[in-house]
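Chemist: This is the structure I want to talk about, given as structure tokens.
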Amino acid sequence: MVSPLMAILLFFLVLPVGMILIVSFWQATEFSIIPAFSFENYEFLFGSSVTFRVFMNTFKYAVVTWVFTLLIGFTVAYFLAFHVRTQRWQIALFLLCTIPFWTSNIIRMISWIPFLGRNGIANSALMSWGVTDRPLEWLLFSDFAVILAFVHLYTLFMGVPIFNTMMRIDKSLIEAARDAGANGAQILWNVIVPLTKPGIMIGTIFVITLVMGDFITVRFMSGSQSANVGRLISNDIALLAYPSAAATAIVLLCTVLIVIATLLRFVDIRKEL
Amino acid sequence: MTKLTRRNMLKGTAVAAASTTLGAPMIWAQNIKDVTLRQFGTGVSNLNEVAQKVKEDLGFTLEMTALDSDSVTQRAATQPNSFDIADIEYWICKKVWPTGNLQAMDTSKIANYDKIVGIFRDGKLTPESTIAQGTAPHTVGFTSGADGTDFVQEESGWMTLIPTIYNADTLGIRPDLIGRPISNWSELLNPEFAGKASILDISSIGIMDMAMVVESMGEYTYPDKGNMTQEEIDLTIGIFTEAKQNGQFRAFWKSFDESVNLMASGEVVIQSMWSPAITAVKSRGIPCVYQPLEEGYRSWGGGIGLSAALDGLERDAAYEYINWYLDGWVGGFLMRQGYYSAVPETSKNYMDENEWGYWFEGKEATDVITNPFGDAMAQAGEVRDGGSFEERMGAVACWNAVMDENQYMVRKWNEFIAA
């Protein structure tokens, strides 16, 4: 007997991933896919210095984005959970944070392009304030732009789980800490941060997987000049090299799984929930 | 089946009469209204206006699907039953034709065959022209017979594709931001434009633009730009990788809109571009020139091919459609957007003297030139960039191509993007 949940997982998760795994051993010419069993795709992938460079670039984006989303997400959640006193205001401000998400992901990303451009608002403002005397070229079509867009897009995914765990923290613990003589920083570091870990971990998993799987943000914000693993896959698909795309996808999947497994060693989410 | 009534008979006769006035071979058009032909191709000529006009003039239904060129290739090569008419480029034909998914077309059934420009027949625009490098259309335009899957170099009477649309591409520039004349492809890598140049991120076309630049810089002269060896690919992409690392490029573009935005916003002042993108920039009131260059143009051409599965009434309808296509209305429609028609002289009937003079003869516009959608393309007194048809199509240096080393090239291209 397969339970309904198992059936759904089998059909929508195991089966597709299994297919991708099988196809990753196939071969392709320009317009045909040849069922075969060959390590050629993997050999090419692991034999190419481009693969390593692109994976390192993907990690770089993931780590830097993670740092910024964590700092911003934690601060916002902390403010909402501990500084805003009434529940009504907490809900109102929380909803305010989600307003940008009423528009599409792509629109939020693309709207940065005219803003950051050579003749964009950011550059003309900086120049009129006298901060710079010529437009800053690195604002757009650069790693800076890519990470800015990632942080903008994904901070909420970090903030919400953190806010959620913070709201469950028993306020009397904080009072107890204060009564025992802890100052604000000590309370934050020794009480709130440890109790917020599960939320941080869930947010981290969201951000890491979203950034590592992305291709469209990197393409638009870097002006197609940088590559991450998602772009390698999308390029292969555009050129009908499905087996090679499948092999890259499998390597990416394994990488992300290893990262998440490592993260879960630090916090037992199930216990903490 | 439609019931045979007096009323239907009259209608049928009317359609038959209409088709004779088109000068096309007439078919007994009673059931043709029930015919639906499925056409797919790249967005350039897959226009709904054409489908509407087909319904009006010929009575049958044409379903259009627009895809990008990679998907078009894949579909033509792998799903022969999913379409009746393939609207593809000649270099795609080179890949697809050997699969046998398309059928040869009998030129004796093509009324305007003799008026098709020389580029698509013997390869020569005028008897003195030399044939450009790359996949020149006539080299993949004919096959040996009704069931041929090969290419022959003479006009055999069996065509692989009926040519429909073509143009000559070059670099687009912002004359107001550059402020001096540009006359060579090598300017794309001129350090003067560091951080302000762009090239398209579509490997099969981008590599040709790169080759034009490399040759113009005097770095190397290719025996055939359209069919490079691995060493030539390494050399070409190496030069561009170095330029990329030195910050020559602002961005790469993949879609039409991106190229328009890069140019219109001033992020980029010189880049590979397509003709309608230039128009789109100009229509925002921003100066933009499709700069003719000394080394010549990179050209492309498209045509329609019939699925091997097509026969009977559907095939008759398809021939009817092809004859109608070359009869001038579509040609005029495309030429008023800056493309060229395979049979220019019939298109002339559907353009006024000013339009014909501006688009084809390279004359000064005597009045505002508008495209079929009503947007102003040029004001009185302006001349088309590059001049007349003969000047532009006569200066083609290479055709879009598919190389023997295509897969190697694609891998190198990916490295270039990741570099």
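Values quoted throughout were computed directly from the atomic coordinates according to the rules given, and no laboratory measurement underlies them. Note that the coordinates shown come from a computational prediction; the quantities given were computed from them, not determined experimentally. All Cβ positions, even for glycine, are placed from backbone atoms using ideal geometry, and neighbour counts span all protein chains on display.
Chemist: How many percent of DSSP beta bridges within the protein assembly as shown run antiparallel, rounded to 5?
Modeler: Among the beta bridges of the protein assembly as shown, antiparallel pairing accounts for roughly 60 percent.
Chemist: For chain B, what proportion of DSSP beta bridges, expressed in % and rounded to the nearest 5, is antiparallel?
Modeler: On the way: 27 of 47 bridges.
Around 55 percent antiparallel, to the nearest 5.
Chemist: Round to a whole angstrom and tell me the spacing of the C-alpha centers of the stretch B:48-115 and the stretch A:87-109.
Modeler: Measuring centre to centre over Cα atoms gives 48 Å.
Chemist: Quick one: give the max-minus-min coordinate of the C-alpha atoms of the stretch B:223-293 along each principal axis, largest first, in Å.
Modeler: Cα extents, longest axis first: 44, 27, 22 Å.
Chemist: Say each of A:HIS83 and A:SER32 gets a label point 7 Å from the Cα, pointing the same way as Cα to Cβ; how far apart are those two points in nm?
Modeler: For the pair A:HIS83/A:SER32, the computed spacing is 6.6 nm.
Chemist: To test your reading of the geometry: what angle, between 0 and 90 degrees and rounded to tens, separates the Cα axis of helix B:69-78 from the longest principal axis of chain B?
Modeler: Long axis of B:69-78 versus the principal axis of chain B: about 50 degrees.
Chemist: Still on this structure, please answer the following. Provide the three semi-axes, in whole Å and in decreasing order, of the ellipsoid equivalent to the stretch B:180-274 as defined by the square roots of 5 times the Cα gyration tensor eigenvalues.
Modeler: 22, 15, 12
Chemist: Ok, one more. Based solely on its DSSP helices, what 222 nm [θ] is calculated for the protein assembly as shown when runs of n ≥ 4 H residues each add -39,500 (n - 2.57) and the sum is averaged over all residues, nearest 500 deg cm²/dmol?
Modeler: -14500 deg cm²/dmol
Chemist: How many Cβ atoms of partner chains, on average, are near each residue of B:234-245 if near means within 10 Å of its Cβ?
Modeler: Across B:234-245, the average partner-chain Cβ count within 10 Å equals 0.
Chemist: Distance in nm between label sites at A:ALA185 and A:LEU136, each 7 Å beyond Cα in the beta-carbon direction?
Modeler: With each label placed 7 Å out from Cα toward Cβ, I get 2.9 nm.
Chemist: Provide A:LEU210, B:LEU102 in ascending order of the number of other Cβ atoms located within 10 Å of each residue's Cβ, fewest first.
Modeler: On the way: A:LEU210 17, B:LEU102 28.
Taking fewest neighbouring Cβ atoms as first place, the list is A:LEU210, B:LEU102.
Chemist: Here's another thing I want to ask about it. Suppose the Debye formula is applied to equal point scatterers at every Cα of the stretch B:87-130; what is log10 I(q)/I(0) at q = 0.13, 0.23, 0.28, 0.30 Å⁻¹?
Modeler: Debye output, listed in q order: -0.41, -0.99, -1.04, -1.04.
Chemist: Rounding to the nearest 10 and keeping the result within 0 to 90°, find how far the Cα-based axis of helix A:49-78 lies from the longest principal axis of chain A.
Modeler: 20 degrees
Chemist: Beyond 20 Å, what percent of the Cα pairs of the stretch B:71-161 remain?
Modeler: Here the long-distance tail beyond 20 Å is 35 percent of all Cα pairs in the stretch B:71-161.
Chemist: Tell me, what is a quarter of the convex hull surface for the C-alpha atoms of the stretch A:186-273, in nm² with one decimal?
Modeler: 7.6 nm²
Chemist: As a test of understanding, state the convex hull volume per residue of the protein assembly as shown from its alpha carbons, in Å³.
Modeler: Dividing the Cα hull volume of the protein assembly as shown by its residues yields 230 Å³.
Chemist: Let me ask something else. To the nearest 10 degrees, how steep is helix B:203-217 against the longest Cα principal axis of chain B, on a 0 to 90 scale?
Modeler: Helix B:203-217 and the main axis of chain B meet at about 50 degrees.
Chemist: Quick check: residue separation of B:ALA309 and B:LYS254 times 0.36 nm, minus the Cα distance between them. What number comes out in nm?
Modeler: Net length gain for the segment: 16.4 nm.
Chemist: Taking the Cβ of each residue in A:TYR61, B:TYR325 as the centre, tally the other Cβ atoms inside 10 Å and list the residues starting with the fewest.
Modeler: Fewest-to-most ranking of A:TYR61, B:TYR325: A:TYR61, B:TYR325.
Chemist: Follow-up. How big is the Kirkwood radius of chain B, worked out from every pair of different alpha carbons and given in Å to one decimal?
Modeler: Kirkwood hydrodynamic radius for chain B: 22.4 Å.
Chemist: Another question, if that's okay. If r is the Cβ-Cβ distance from A:THR262 to B:THR65 and R0 is 30 Å, what FRET efficiency results, to the nearest 0.05?
Modeler: It comes to 0.05.
Chemist: Quick check: convex hull over the Cα atoms of the stretch B:344-419, volume per residue in Å³, rounded to an integer?
Modeler: Output value, Cα hull per residue: 177 Å³.
Chemist: Another one. Starting from the Cα coordinates of chain A, work out the convex hull volume and express it per residue in Å³.
Modeler: 204 Å³
Chemist: A follow-up question, please. When A:THR209, B:THR130 are ordered from fewest to most other Cβ atoms inside 10 Å of their Cβ, what list results?
Modeler: Least to most surrounded, the residues fall as B:THR130, A:THR209.
Chemist: Once R0 is set to 56 Å, what does the formula 1/(1 + (r/R0)^6) return for the Cβ-Cβ distance between A:ASP170 and A:PHE39, expressed as a FRET efficiency to the nearest 0.05? Intermediate values should be presented prior to the final figure.
Modeler: Numbers: r = 55 Å, r/R0 = 0.98.
The value I calculate is 0.55.
Chemist: Skipping prolines and chain starts, which residues have an amide H placed within reach, meaning under 5 Å, of the one on B:THR164, given they are 5 or more residues away or on another chain?
Modeler: Here B:GLY302, B:GLY303, B:ILE304 satisfy the definition.
Chemist: Given R₀ = 41 Å, FRET efficiency for A:SER128-B:GLU231 by Cβ-Cβ distance, to 0.05?
Modeler: 0.20
Chemist: Give me the one-decimal nm value for the distance between modelled label points at A:VAL193 and A:SER104, 7 Å along each residue's Cα-to-Cβ direction.
Modeler: Output for this residue pair reads 4.1 nm.
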